[in-house]
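Heads up, the thing below is written out as structure tokens.
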Amino acid sequence: MESQGDASSQVDDRKRKVFVKSYGCQMNVYDATRMTDVLAKEGYEETAAMESADLIVLNTCHIREHASEKVFSELGKIRVLKQERAARGVDTKIAVAGCVAQAEGGEILRRQPAVDFVVGPQNYHRLPDLLRRTGNGAGVVDTEFPIEDKFDHLADPSPEKIRTRGLSAFVTVQEGCDKFCTFCVVPYTRGAEVSRPVHQILQEVERLAASGVCEVTLLGQNVNAYHGEGPSGGAWSLARLAERIAQVPGILRIRYTTSHPNDMSDDLLAAHRDIPQFMPFLHLPVQSGSDRILALMNRKHSVADYLRQIERIRTARPDMALSSDFIVGFPGETEKDFEDTLRLIEEVKFASAYFFKYSARPGTPASTMDEHAPEEVKAERLARLKALVDGQRDAFNQAMLGQSVDVLFEKPGRRPGQIGGKTPWLHAVHVDGPQDLIGQIARVRIIEVGVNSLYGHLGDSLTEASH
Ligand code: SAH
Ligand code: SF4
Ligand code: F3S
């Protein structure tokens, strides 16, 4: 318990704490780890309790209106927290990072003056400098796209830190986007498409694997367009990168997300066929099943192109499960366009999907298009889409019943004596089994299919071995 002494001198003695809250995509989750790694070097340790943090970072997403409004309401609450702590003589810094920071910059300081600094996704290596520059009451904004490579200047996590984050890790290999879909802010908030060099990624994966990570998910806004510089010059494709990562001792599974339908190259399909660590689950957003809407979205592919890709993928890897993103109520979307989307879903059969009601993002071409659909229409279409995909997901899960599958065990299960893991297709699985299987792959026979997870028995030989 704290004593009643001079609060400010106590603060100076203790280790400073940082709390990061991430919104949006997996790249933000990864960025949060990189931010806390940089801040660890400055003496900040992570806390899960916002009230005890000396530095609060909101790592924001700008993909939907709703998301950035949530940030401002959260900032209002944090401001009260900052005032309460100030009354006790404790200083709190508030930072806004991520895509809202990049898009709105100084506007954030105007709307919420309690914010100390605003930092865009390309500038996380400058956090120590930004921290030093705050404190005189004036907010600081750093949303330039720097010339230096932030990855060269970010800190590496310690082995202990890696272990606390679990056996499965994200690694950003490509960032930004040059595709300019008319609805999307990402090309503006994350900048132009840039691939990290192979040696940098390998170093990171080797470090993770040495501390026990056995599954990596390679991240990029257009990850299958990866073309990073290879060790002896020349660009490497995602397939070649994955092939090399598959040789890192300890890496049992490799995944990647998000892919664009136009960038499923032949060598990537061959890699799916040939690299055992490459998991048969692909997130391949199509957004709409109407050629007219796809053209308005500037997706640069037709429905037939997408279906052709699915056929190629399933030829290379017949057990490939697919997921997608869909936008409903894009400007001008008619009932017929929407029905075309339903038809595409019926044809492909997805294992899962994410649905979004179109929301106009300032500065994007679609935001000035006519015929924005009423909210009720968007809600109704979303519900129909969801019902269709939920049915496909349930069928996909039910098909696991009685099957024997490889499960990578990641953590203790919900009940004592249980362990939990994932199938190659990302189903959560629980079994009764020994904790020392955590970090390993074992064969499991699925005997029960629940809504959110599967339950199974370990293969015979393992069950015997554990008794
Ligand atoms: N690079 C990826 C992910 C982009 S953002 C891709 O190409 O798929 C993730 C998803 O958010 C998109 O796939 C899209 O479905 C959705 N999204 C993006 N902008 C949106 C907007 N303005 N309104 C509604 N959904 C949007
Ligand atoms: Fe956005 Fe399109 Fe780029 Fe995906 S491909 S990030 S949806 S602009
Ligand atoms: Fe959101 Fe930025 Fe990711 S807008 S989805 S956090 S790239």
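A few remarks follow.
- Only one entry in L268, L252 is away from ligand 2 (no atom under 16 Å from the Cβ) and in contact with a Cys (Cβ under 7 Å, 6 or more places away or on another chain), namely L252.
- Of all the numbered requirements in (1) more than 16 Å from ligand 3 (Cβ to nearest atom); (2) open to solvent by less than 40 Å² (accessible area, probe 1.4 Å), S259 misses one, and that requirement is (1).
- The condition (being more than 20 Å from the chain's Cα centre (by Cα) and within 16 Å of ligand 2 (Cβ to nearest atom)) is satisfied by just one residue among T143, T182: T182.
- Test result for Y306, within 16 Å of ligand 1 (Cβ to nearest atom) and in contact with a Leu (Cβ under 6 Å, 6 or more places away or on another chain): no
- Residue in the stretch 233-248 that is assigned to a loop (DSSP other than H, G, I, E, B), at negative phi and within 16 Å of ligand 1 (Cβ to nearest atom) present: no
- Residue in the stretch 195-204 that is buried (at least 16 other Cβ atoms within 10 Å of the Cβ), within 16 Å of ligand 1 (Cβ to nearest atom) and either over 23 Å from Q440 (Cα atoms) or of a type in the set (D, E, K, R) (or both) present: yes
- Residue within the stretch 274-281 that is within 16 Å of ligand 1 (Cβ to nearest atom) and of a type in the set (S, T, N, Q) present: no
- Residue within the stretch 409-428 that is within 21 Å of the chain's Cα centre (by Cα), modelled with pLDDT of 95 or more and on the phi > 0 side of the Ramachandran plot present: yes
Yes or no, residue by residue, for (1) of a type in the set (F, W, Y); (2) within 16 Å of R34 (Cα to Cα); (3) modelled with pLDDT of 95 or more:
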site	(1), (2), (3)
P146	no, no, no
P157	no, yes, no
L167	no, no, yes
C184	no, no, yes
V223	no, no, yes
A235	no, no, yes
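For every residue, the table says whether it meets (1) within 16 Å of ligand 2 (Cβ to nearest atom); (2) in contact with a strand residue (DSSP E or B) (Cβ under 6 Å, 6 or more places away or on another chain).
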{"position": "M279", "(1), (2)": "no, yes"}
{"position": "A295", "(1), (2)": "yes, no"}
{"position": "D340", "(1), (2)": "no, no"}
{"position": "I345", "(1), (2)": "no, no"}
{"position": "V348", "(1), (2)": "no, no"}
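- Residue pairs whose Cβ atoms lie under 7 Å apart, separated by 6 or more positions or on different chains, with the first residue in the stretch 435-455 and in contact (Cβ under 8 Å) with a residue 60 or more places away in the chain and the second open to solvent by 30 Å² or more (accessible area, probe 1.4 Å), are I438/E410; I438/K411; G439/L167; G439/G212; I441/L252; I441/D406.
- Selected residue (only one of A399, A442 is at pLDDT 95 or above and exposed (fewer than 15 other Cβ atoms within 10 Å of the Cβ)): A399
- Per the conditions (1) more than 16 Å from ligand 1 (Cβ to nearest atom); (2) open to solvent by less than 40 Å² (accessible area, probe 1.4 Å); (3) of a type outside the set (F, W, Y), the sole criterion not satisfied by G220 is (1).
- Single residue of the stretch 324-335 satisfying the filter (farther than 11 Å from K357 by Cβ and touching a strand residue (DSSP E or B) at 6+ places or on another chain (Cβ under 8 Å)) that is most open to solvent (accessible area, probe 1.4 Å): D325
- Here the condition is being modelled with pLDDT of 95 or more, surrounded by 16 or more Cβ atoms within 10 Å (Cβ to Cβ) and more than 14 Å from ligand 1 (Cβ to nearest atom); of A321, A366, A383, it holds for A321 alone.
- Qualifying residue in the stretch 71-81 (condition: farther than 30 Å from A360 by Cα, open to solvent by 20 Å² or more (accessible area, probe 1.4 Å) and over 20 Å from the mean Cα position of the chain (by Cα)): yes
- Long-range neighbours under 8 Å by Cβ, at least six apart or interchain, first residue among the charged types (D, E, K, R) within the stretch 20-40, second part of a helix (DSSP H, G or I) and within 14 Å of ligand 3 (Cβ to nearest atom): D31/G98; D31/P121; D31/Y124; R34/Y124
The values are calculated or read from the model by the stated rules, or taken from the named source; none is laboratory data. For clarity, every value in this text was computed on a predicted model and none was experimentally measured. Using ideal geometry, Cβ is built from the backbone for each residue, glycine included, and neighbour counts are taken over all protein chains shown. Surface areas here come from the heavy atoms of the whole protein model, side chains and all, with no ligands, DNA or RNA. Shrake-Rupley method; radii C 1.70, N 1.55, O 1.52, S 1.80 Å.
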